[in-house]
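Colleague: Pasting a structure below so you can have a look.
The values are calculated or read from the model by the stated rules, or taken from the named source; none is laboratory data. A quick note: this is a predicted structure, and the numbers were derived from the prediction, not measured. Here the Cβ positions follow ideal geometry from the backbone for every residue, glycine too, while neighbour counts run over all protein chains shown.
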């Protein structure tokens, strides 16, 4: 059964970690204007202590009406930090044409260090592929299908987009037509989990599923197309898991079974909602999954989890549309580094970040 004490401590930890006012810009987008973003990736640490950051650049455009309105997701990029995350330097980038024929847009990515020392980089892309005949009339001109691909290499420098390949192809039907935004982590048993977001043919909602690659295998097999139920209120139309935080074994968690927090982006409705001016004004973005929440669960019970954000989002930017999404976390000997996309007054969404040191974490979880 979920522990009330554990839940309270976790809520304290994540709200302190994703402090919107204390965050600093790590990677700005290419333009200080609406529709320009950087983020949707993750940070990992290699054996030499270098932090590697994966993400995608986006310029203006709106997939709801087709691609003629802008470039949208245009580049997958890798950054490196050799000073513990104080500064990041761009080291590699792949444009749409380099990720394969017919790529129209790029979104969520995930860099993953494999147990044997090799690396893999997962990337979501929209390709110029036609919808199935039974839902063909729903496809907007200039759009395609979203899927996840992976490139691998003996080192990060050896990652080769020329050898990119699909992670999995089949979906159970038009209700899960688009698959993207990978989150990758290893379990204690050595298996690798890949969480992903899916959208139906009509783009009215989203949810998260997960696939598993058994230790020593090469292929992922989908275990569930809906690993977490849709929320009851502000996130009723979608729950997109963006990262897993393995909670440090300190404080009340020192002797507890292993616990993880799962950050997610939610949406109440894909379109903006008309609000009564005499009622509560709810923060809303102008796209899909714009506001942030979190769940938690004991690792032995995965994927069972409990929401920390049942009635309202936990993470809302104080600027612009309120957008706060794509939270990622890295736990290392220096504490926890969190990064996320944060909406600004000018409409842009830079990647911002915040670090909590071990002393602060111990205080939050005592």
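Colleague: Just checking, which of 272, 288 is in contact (Cβ under 8 Å) with a residue 24 or more places away in the chain, closer than 27 Å to residue 29 by Cα and in a loop (DSSP other than H, G, I, E, B)? So that I can check it myself, show each step before the final result.
Modeller: Values: 272 fails: in contact (Cβ under 8 Å) with a residue 24 or more places away in the chain.
Just a single option satisfies the conditions, and that option is 288.
Colleague: Oh, and also: What are the residues in the stretch 313-331 that are more than 14 Å from residue 19 (Cα to Cα), over 16 Å from the mean Cα position of the chain (by Cα) and at pLDDT 95 or above, if any?
Modeller: Taking the stretch 313-331 as the starting set, the residues that turn out to be more than 14 Å from residue 19 (Cα to Cα) are 320-321, 326, 330-331.
Now narrow it down to the ones that are over 16 Å from the mean Cα position of the chain (by Cα): 320-321, 331.
The one that is more than 14 Å from residue 19 (Cα to Cα), over 16 Å from the mean Cα position of the chain (by Cα) and at pLDDT 95 or above: 331.
Colleague: Quick check on this structure: which one of 248, 257 is touching a helix residue (DSSP H, G or I) at 6+ places or on another chain (Cβ under 7 Å), in a loop (DSSP other than H, G, I, E, B) and crowded, with 18+ Cβ neighbours inside 10 Å?
Modeller: Unique residue meeting the criteria: 248.
Colleague: Looking at (1) over 22 Å from residue 59 (Cβ atoms); (2) in contact with a strand residue (DSSP E or B) (Cβ under 7 Å, 6 or more places away or on another chain); (3) exposed (fewer than 14 other Cβ atoms within 10 Å of the Cβ), which one does residue 90 not meet, given that it meets all the others?
Modeller: With (1) over 22 Å from residue 59 (Cβ atoms); (2) in contact with a strand residue (DSSP E or B) (Cβ under 7 Å, 6 or more places away or on another chain); (3) exposed (fewer than 14 other Cβ atoms within 10 Å of the Cβ) applied to residue 90, the lone miss is (1).
Colleague: Given (1) more than 20 Å from the chain's Cα centre (by Cα); (2) within 20 Å of residue 100 (Cβ to Cβ); (3) surrounded by 12 or more Cβ atoms within 10 Å (Cβ to Cβ), identify the lone condition not met by residue 175.
Modeller: If we test residue 175 against (1) more than 20 Å from the chain's Cα centre (by Cα); (2) within 20 Å of residue 100 (Cβ to Cβ); (3) surrounded by 12 or more Cβ atoms within 10 Å (Cβ to Cβ), just (2) comes out false.
Colleague: Among the residues of the stretch 317-343, which ones are over 21 Å from residue 50 (Cβ atoms) and crowded, with 22+ Cβ neighbours inside 10 Å?
Modeller: 317, 323, 324, 325, 326, 327, 340, 341, 342, 343
Colleague: Now for a separate question. Can you confirm whether residue 120 is closer than 21 Å to residue 240 by Cα and in contact with a strand residue (DSSP E or B) (Cβ under 6 Å, 6 or more places away or on another chain)?
Modeller: Answer is no for this residue.
Colleague: Within the stretch 198-217, is there a residue that is in a strand (DSSP E or B) and closer than 12 Å to residue 124 by Cβ?
Modeller: Checking the stretch 198-217: at least one residue is in a strand (DSSP E or B) and closer than 12 Å to residue 124 by Cβ.
Colleague: Could you list, in sequence order, all residues of the stretch 130-143 that are in a loop (DSSP other than H, G, I, E, B) and surrounded by fewer than 17 Cβ atoms within 10 Å (Cβ to Cβ)?
Modeller: Passing the criteria: 130, 132, 140, 141, 142.
Colleague: Another question, then. Which condition number in (1) at pLDDT 95 or above; (2) surrounded by fewer than 20 Cβ atoms within 10 Å (Cβ to Cβ); (3) farther than 28 Å from residue 216 by Cβ is the one that residue 146 fails?
Modeller: Going through (1) at pLDDT 95 or above; (2) surrounded by fewer than 20 Cβ atoms within 10 Å (Cβ to Cβ); (3) farther than 28 Å from residue 216 by Cβ one by one, residue 146 breaks only (2).
Colleague: Got at least one residue in the stretch 33-43 being part of a loop (DSSP other than H, G, I, E, B), modelled with pLDDT under 95, over 19 Å from the mean Cα position of the chain (by Cα) and surrounded by fewer than 16 Cβ atoms within 10 Å (Cβ to Cβ)?
Modeller: Within the stretch 33-43 (the criterion being part of a loop (DSSP other than H, G, I, E, B), modelled with pLDDT under 95, over 19 Å from the mean Cα position of the chain (by Cα) and surrounded by fewer than 16 Cβ atoms within 10 Å (Cβ to Cβ)), the answer is yes, since at least one residue qualifies.
Colleague: Now, a different point. So which residues in the stretch 115-129 are touching a residue at least 12 places away in the same chain (Cβ under 8 Å) and not in a strand (DSSP E or B)?
Modeller: Filtering the stretch 115-129 for residues touching a residue at least 12 places away in the same chain (Cβ under 8 Å) gives 115, 117-129.
Matches in the stretch 115-129: 115, 117, 118, 128, 129.
Per-residue answers, yes or no, for (1) crowded, with 22+ Cβ neighbours inside 10 Å; (2) touching a strand residue (DSSP E or B) at 6+ places or on another chain (Cβ under 8 Å); (3) more than 24 Å from residue 42 (Cα to Cα):
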position: 196; (1), (2), (3): yes, yes, no
position: 204; (1), (2), (3): no, no, yes
position: 207; (1), (2), (3): yes, yes, no
position: 212; (1), (2), (3): no, yes, no
position: 225; (1), (2), (3): no, yes, no
position: 233; (1), (2), (3): no, no, yes
position: 236; (1), (2), (3): no, no, yes
position: 243; (1), (2), (3): yes, yes, no
